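Inspection log for the structure reproduced underneath, given as structure tokens.
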Amino acid sequence: MINYLKLIRLPNLLFIALVQYLMRQVILIPILQVYGFDASMEIGMLSLLIVSSVFIAAGGYVLNDYFDIKIDAINKQNKQVVGNVISRHTAMLLHQLLTGVGVICGLVLAYFARSFTLAFIFIVIPGLLWFYSASYKRQFIIGNLVVAFIVGITVLIVGITQLAFLQKEYGNLIFETPIPRLFYGWIGGYALFSFLCTWIREIIKDMEDEKGDREMECRTMPIKWGLKKTKIFLYVLIAITVAGLFLVDYMFIHFTGTLTLRYIIFGLALPFLALAYMVYVAKVPKDFHQASTLSKFIMLSGVLYSFVFYYLQAKQHGISLFNLFIVR
């Protein structure tokens with residue numbers, strides 16, 4: 001059982017579930033409360049969305065290890081699961097089962113939401129995961145971008161789903177309110193942040209796995225450009241991400257006080273600075289692995305800002321915080 005949990009990356013799946021839950025409960029619901037709208041999407045539908053996303057992601061992780069068996073034999077050695085503990089045949093069956101359940105749940109959700117867009121996403125994403133594992137991940141840049149795009153969609157789909165249920169209940173009236181703009185502004189911002197964080201982490205992982213990737217003739221960024229140029233590109237990407245955070249706070253976030261600014265400085269900008277330094281001094285796979293782990297915590301820190309948003313939203317508009325009390 002432990003090996004199967006390792007294969008499907010249980011901590012990553014729990015993170016996906018947490019992100020989608022918080023996006024709906026701590027970002028979207030407070031926006032609806034401000035304008036006096038009900039949530040429309042029942043908790044059962046949210047659960048269906050999370051189950052679908054988690055199962056498709058789990059199937060993708062299994063598929064990735066299925067195709068990476070030779071690379072993992074070099075990079076992971078004793079930690080390799082597929083080919084050592086679990087056969088490739090079993091891994092493929094598990095991928096098909098997990099992905100099948102995920103797609104079915106997604107299509108059921110799309111049916112209840114009456115959304116062709118949702119159905120399209122739940123069909124296309126497994127295809128992207130297949131081509132990524134089979135080919136894209138070994139190509140220059142495109143593999144990183146595909147993974148980052150999928151992670152971004154995993155966040156954005158929460159807003160798409162909630163808006164679909166709102167349109168189903170209220171019709172086009174919902175588009176005469178600021179709600180769609182606020183939904184896509186906040187959830188889109190989180191999706192972009194997730195995209196950039198994932199891209200950064202994928203590049204770090206490519207540097208960590210350079211040895212095995214090189215022997216299998218992959219064309220990842222560290223192999224094509226070398227570590228020095230790849231690190232420079234990473235610094236630029238980190239700088240763009242941090243600058244973007246400050247720009248968004250200055251131009252689009254209009255809460256009173258400086259709580260958001262302080263959170264960005266201490267919860268995101270300084271950790272990003274530490275990440276850049278870790279990459280700068282990194283020389284061996286273990287160093288890059290530690291940097292990759294830090295990038296996960298930075299993404300988690302970004303997600304946890306949702307509680308700050310809820311608090312500030314409740315304070316500014318006088319709505320109840322978790323239906324418990326009013327913030328003064």
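The values are calculated or read from the model by the stated rules, or taken from the named source; none is laboratory data. Keep in mind it's a predicted model, so treat the numbers as computed, not measured. Ideal geometry is used to build each Cβ from the backbone, glycine not excepted, and the neighbour counts take in all protein chains shown.
Yes or no: residue 32 hydrophobic (A, V, I, L, M, F, W, C), touching a strand residue (DSSP E or B) at 6+ places or on another chain (Cβ under 8 Å) and in contact (Cβ under 8 Å) with a residue 60 or more places away in the chain?
On the way: hydrophobic (A, V, I, L, M, F, W, C): yes; touching a strand residue (DSSP E or B) at 6+ places or on another chain (Cβ under 8 Å): no; in contact (Cβ under 8 Å) with a residue 60 or more places away in the chain: yes.
Spelling it out, it is not the case that residue 32 is hydrophobic (A, V, I, L, M, F, W, C), touching a strand residue (DSSP E or B) at 6+ places or on another chain (Cβ under 8 Å) and in contact (Cβ under 8 Å) with a residue 60 or more places away in the chain.
Restricting 182, 234 to those that are closer than 23 Å to residue 264 by Cα, more than 16 Å from the chain's Cα centre (by Cα) and in contact (Cβ under 8 Å) with a residue 60 or more places away in the chain reduces the list to 182. Scanning the stretch 13-32 for residues being among the polar types (S, T, N, Q) and surrounded by fewer than 19 Cβ atoms within 10 Å (Cβ to Cβ) gives a total of 1.
Restricting the search to helices (runs of 4 or more DSSP H) fully inside the stretch 41-121 and requiring at least 3 residues that are in contact (Cβ under 8 Å) with a residue 60 or more places away in the chain and loosely packed, with under 15 Cβ neighbours inside 10 Å gives an empty result.
Results for (1) closer than 30 Å to residue 115 by Cα; (2) modelled with pLDDT under 95, shown as yes or no for each residue.
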residue	(1), (2)
171	yes, yes
193	yes, no
244	no, no
254	no, yes
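The lone criterion from (1) surrounded by fewer than 21 Cβ atoms within 10 Å (Cβ to Cβ); (2) β-branched (Val, Ile, Thr); (3) touching a Phe, Trp or Tyr at 6+ places or on another chain (Cβ under 8 Å) left unmet by residue 248 is number (3).
Within the stretch 298-319, is even one residue more than 20 Å from residue 28 (Cβ to Cβ), out of contact with any Pro (no Cβ under 8 Å at 6 or more places or on another chain), in a helix (DSSP H, G or I) and of a type in the set (Gly, Ala, Ser)? Scanning the stretch 298-319, I find no residue that is more than 20 Å from residue 28 (Cβ to Cβ), out of contact with any Pro (no Cβ under 8 Å at 6 or more places or on another chain), in a helix (DSSP H, G or I) and of a type in the set (Gly, Ala, Ser), so the answer is no. Considering every residue within the stretch 143-156, establish whether at least one is in contact (Cβ under 8 Å) with a residue 12 or more places away in the chain, in contact with a Cys (Cβ under 9 Å, 6 or more places away or on another chain), more than 13 Å from residue 49 (Cβ to Cβ) and aliphatic (A, V, I, L, M). So far as the stretch 143-156 goes, yes, one or more of its residues are in contact (Cβ under 8 Å) with a residue 12 or more places away in the chain, in contact with a Cys (Cβ under 9 Å, 6 or more places away or on another chain), more than 13 Å from residue 49 (Cβ to Cβ) and aliphatic (A, V, I, L, M). Cβ-Cβ under 6 Å, sequence separation 6+ or interchain: first residue in the stretch 1-29 and in contact (Cβ under 8 Å) with a residue 12 or more places away in the chain and more than 17 Å from residue 301 (Cα to Cα), partner of a type in the set (Phe, Trp, Tyr) and part of a helix (DSSP H, G or I). Which pairs? Filtered contacts from the stretch 1-29: 8/61; 9/61.
Considering only residues in the stretch 1-32 that are of a type in the set (S, T, N, Q) and more than 13 Å from residue 162 (Cβ to Cβ), the one that is modelled with the highest pLDDT turns out to be 12.
Looking at 270, 321, 300, 275 in this structure, which one is more than 24 Å from the chain's Cα centre (by Cα) and hydrophobic (A, V, I, L, M, F, W, C)? Before you say what the answer is, go through the steps one by one.
Details: 270 fails: more than 24 Å from the chain's Cα centre (by Cα); 300 fails: more than 24 Å from the chain's Cα centre (by Cα); 275 fails: more than 24 Å from the chain's Cα centre (by Cα).
Exactly one residue qualifies, and that residue is 321.
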